[in-house]
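Enquirer: One structure, pasted below without further comment.
The values are calculated or read from the model by the stated rules, or taken from the named source; none is laboratory data. None of these values were measured; they are calculated from a predicted model. With ideal geometry, Cβ positions are generated from the backbone for all residues, glycine too; neighbour counts draw on all protein chains shown. Please note that ligands, DNA and RNA were not included when accessible areas were found on the heavy atoms of the full protein model with its side chains. Shrake-Rupley method; radii C 1.70, N 1.55, O 1.52, S 1.80 Å.
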Amino acid sequence: MRNNKTQWEGGKPPQRVLDYVEWLVMPEGMRQPSTKTAYAEGIGVSPSTLRDWDKDDRVKWVIRERADALNMGP
């Protein structure tokens, strides 16, 4: 687990992180593209970037917040 204490510019996550979180909390059968590898390719980052985001405490918090808003578990 990565404890990233740095802040995002302006205190908000970048839009591409927010878009990733929206894709991630979507039911797997509805995700387009259907895999993280294809998603990464589609937004022009490597799959390791998504893995890094998944480990980032700031992103985990955004995922929890979004999942809570949708009444889902993280």
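Enquirer: May I ask you to list the residues in the stretch 14-32 that are open to solvent by 40 Å² or more (accessible area, probe 1.4 Å) and in contact with a helix residue (DSSP H, G or I) (Cβ under 8 Å, 6 or more places away or on another chain)?
Expert: Within the stretch 14-32, the first condition is being open to solvent by 40 Å² or more (accessible area, probe 1.4 Å), and the residues that meet it are 14-16, 18-19, 22, 26-30, 32.
Hits for the stretch 14-32 are Arg16, Leu18, Asp19, Glu22.
Enquirer: Working carefully through the options Thr49, Thr35, Thr6, find the one that is hydroxyl-bearing (Ser, Thr, Tyr) and open to solvent by less than 40 Å² (accessible area, probe 1.4 Å). Spell out the reasoning first.
Expert: Values: Thr35 fails: open to solvent by less than 40 Å² (accessible area, probe 1.4 Å); Thr6 fails: open to solvent by less than 40 Å² (accessible area, probe 1.4 Å).
After ruling out the rest, the residue left standing is Thr49.
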